[in-house]
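Undergrad: Pasting a structure here, questions to come.
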Amino acid sequence: QVQLVESGGGLVQAGGSLRLSCAASGRTFSSYAMGWFRQAPGKEREFVAAISWSGGSITYADSLRGRFTNSRDNAKNTVYLQMTSLKPGDTAVYYCAARYRTNRYDPVDYDYWGQGTQVTVAS
């Protein structure tokens, strides 16, 4: 089992920045690819970013590339999502998720999920 706990969400003005963290415990964190997803009210959960177990492969949703940066620190069992130039459309609950080794885009491919952290961007 892998337990995931997100933090760092909150209320921010448009144009502002936030850094989300996802702390993992349980099985060997460095063996797992980590994904970020978000879900706005009334919408499906959508892919944000993912990073492979080594950090050597990082992928982003096309619409978010350039504003969001995904990184990980295996020594701290933590993955980060740095979000800049935030827009009201970024308002959602953000989730981190884990799967073995390689990153994927589809949430159904992930085995472990955190409880989510709310990000609200005010206009």
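Undergrad: Where both residues lie in the stretch 4-79, what percent of DSSP beta bridges are antiparallel, nearest 5?
TA: 95 percent
Undergrad: Here's something else I'd like to know. Given the whole protein assembly as supplied and a 1.4 Å probe, what does the accessible area of residue 71 come to in Å², nearest 10?
TA: The accessible area of residue 71 comes to roughly 50 Å².
Undergrad: Count charges around residue 83 for me, please; just the other residues with Cβ under 9 Å from its Cβ, Lys/Arg as +1, Asp/Glu as -1.
TA: +1
Undergrad: Measure off 7 Å from each Cα along the Cα-to-Cβ vector at residue 39 and residue 23, then give the distance between these two points in nanometres to one decimal.
TA: 2.4 nm
Undergrad: Additional query: Tell me the carbon and sulfur percent of the accessible area for the stretch 1-102, rounded to whole percent, probe radius 1.4 Å.
TA: For the stretch 1-102, the apolar C and S fraction of the accessible surface comes to 48 percent.
Undergrad: Still on this structure, I have one more. Please give the solvent-accessible surface of residue 85 in Å², to the nearest 10, using a probe radius of 1.4 Å with every protein chain present.
TA: Per-residue accessible area (residue 85): approximately 60 Å².
Undergrad: Ignoring everything but the protein chains, give the 1.4 Å probe accessible area of residue 123 in square angstrom, nearest 10.
TA: So the heavy atoms of residue 123 present about 130 Å² to solvent.
The values are calculated or read from the model by the stated rules, or taken from the named source; none is laboratory data. Note that the coordinates shown come from a computational prediction; the quantities given were computed from them, not determined experimentally. All Cβ positions, even for glycine, are placed from backbone atoms using ideal geometry, and neighbour counts span all protein chains on display. SASA here: full protein model, heavy atoms, side chains in, ligands and nucleic acids out. Shrake-Rupley method; radii C 1.70, N 1.55, O 1.52, S 1.80 Å.
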